[in-house]
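S.K.: Before I ask anything, here is the structure I am working with.
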Amino acid sequence: IIYQDEDLLILNKPSGLLTVPGKDPLHADCLEKRAQRVFPTAKIVHRLDMATSGLICLALNKAAHSHVSRQFQDRKTQKRYIARVFGKLTPETGSVDLPLICDWPNRPKQMVNFEYGKPSLTHWQVLNYEEHATRVALTPITGRSHQLRVHMLSQGHVILGDKLYAHSEAFQMASRLQLHAQWLALTHPVTNQALEFTSPCPF
């Protein structure tokens, strides 16, 4: 638990844990269910991929849920992720503005599609270069499924440890997906106070 009050719960999700239950009974264990054992009214506001770690917001009542959900919908929240990507990402800052859609025959994979895809925008800033990888801060402006993973793929720099999109060399360079939701900013649903949360990157 990073933060809690009567309305909000900010948690640090580990990699490998679903945000919400999957359809298969084997996938019943998830962050939302674990939170509800302690906070029965807790409800997820937004999601992180199972393999992604980091900050996630839950609401503890209906009013808070609808207020914060609307903030995410209207892009009033801000998020920053840390990733390690394959190779040397250049230039040191840039943006990817490519529309995304579900790659239906290969779901849950997503793909770029200029005809039917939904607008998707990500900004990046290189933090440092490693021998065969780049550590980068990613700021998604939209919140599409797998957005950061597909946008980095589109630049020729897949995220290390990504079993869906990485080639075998990049997949084997890390024991987990190297993507972490490190910073989250939103407005408190009751006090209207600006809140900011950070979670140290575990890789």
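S.K.: Could you please report the charge total around PRO108, scoring K, R as +1 and D, E as -1 over all other residues with beta-carbon less than 14 angstrom from its beta-carbon?
M.R.: Combined, the nearby Lys, Arg, Asp and Glu give +3.
S.K.: Using a 1.4 Å probe on the protein heavy atoms, what percent of the accessible area of the chain belongs to carbon and sulfur?
M.R.: Carbon plus sulfur share of accessible area: 51 percent.
S.K.: Over all alpha-carbon pairs in segment 107-203, figure out the percentage whose distance exceeds 16 Å.
M.R.: Above the 16 Å cut-off, segment 107-203 has 64 percent of its Cα pairs.
S.K.: Grab the other residues whose beta carbon is less than 15 angstrom from that of LYS62, score K and R as +1, D and E as -1, and report the net.
M.R.: Result for the neighbourhood of LYS62: 0.
S.K.: Percent relative contact order of the chain, based on C-alpha pairs within less than 8 angstrom and at least six residues apart?
M.R.: Answer for the chain is 20 percent.
S.K.: What does the charge count around TRP183 come to, taking other residues whose C-beta lies under 11 Å from its C-beta (Lys +1, Arg +1, Asp -1, Glu -1)?
M.R.: That works out to +1.
S.K.: Debye sum, Cα scatterers, segment 1-116, no solvent: what log₁₀ I/I(0) at q = 0.11, 0.18, 0.23 1/Å?
M.R.: Log-scaled intensity ratios, in q order: -0.49, -1.13, -1.36.
S.K.: I'd like the distance separating the alpha-carbon centroids of segment 153-179 and segment 83-125, in whole Å.
M.R.: 14
S.K.: Taking +1 at the Cβ of each Lys and Arg and -1 at the Cβ of each Asp and Glu, which of THR187, ALA166, CYS201 sits farthest along the dipole of segment 121-203 towards its positive end, judged by Cα position relative to the Cα centre?
M.R.: Farthest towards the positive end: THR187.
S.K.: Separation between the VAL112 and GLN193 pseudo-spin-labels, each 7 Å from Cα along Cα→Cβ, expressed in nm?
M.R.: Label-label distance for VAL112 and GLN193, simple model: 4.3 nm.
S.K.: Now for a separate question. Under a 1.4 Å probe, what is the accessible area of the chain per residue, stated in Å²?
M.R.: Each residue of the chain exposes 53 Å² on average to a 1.4 Å probe.
S.K.: So, one more: Quick one: dipole size for the chain, taken about the Cα centre, charges +1 on Lys/Arg Cβ and -1 on Asp/Glu Cβ, in debye to the nearest 20.
M.R.: About 380 debye.
S.K.: With N set to the residue count of the chain, report its C-alpha Rg divided by 2.2 N^0.38 Å to two decimal places.
M.R.: 1.02
S.K.: So, one more: Per the Kirkwood formula on distinct C-alpha pairs, the Rh of segment 7-70 is how many angstrom?
M.R.: Taking the inverse mean of 1/r over all distinct Cα pairs, segment 7-70 comes out at 11.8 Å.
The values are calculated or read from the model by the stated rules, or taken from the named source; none is laboratory data. What you are looking at is a predicted structure, and each value in this text was computed from that prediction instead of being measured. Cβ coordinates were reconstructed from backbone atoms using ideal geometry, including for glycine residues, and neighbour counts include every protein chain displayed. With ligands, DNA and RNA removed, areas are computed over all heavy atoms of the protein, side chains included. Shrake-Rupley method; radii C 1.70, N 1.55, O 1.52, S 1.80 Å.
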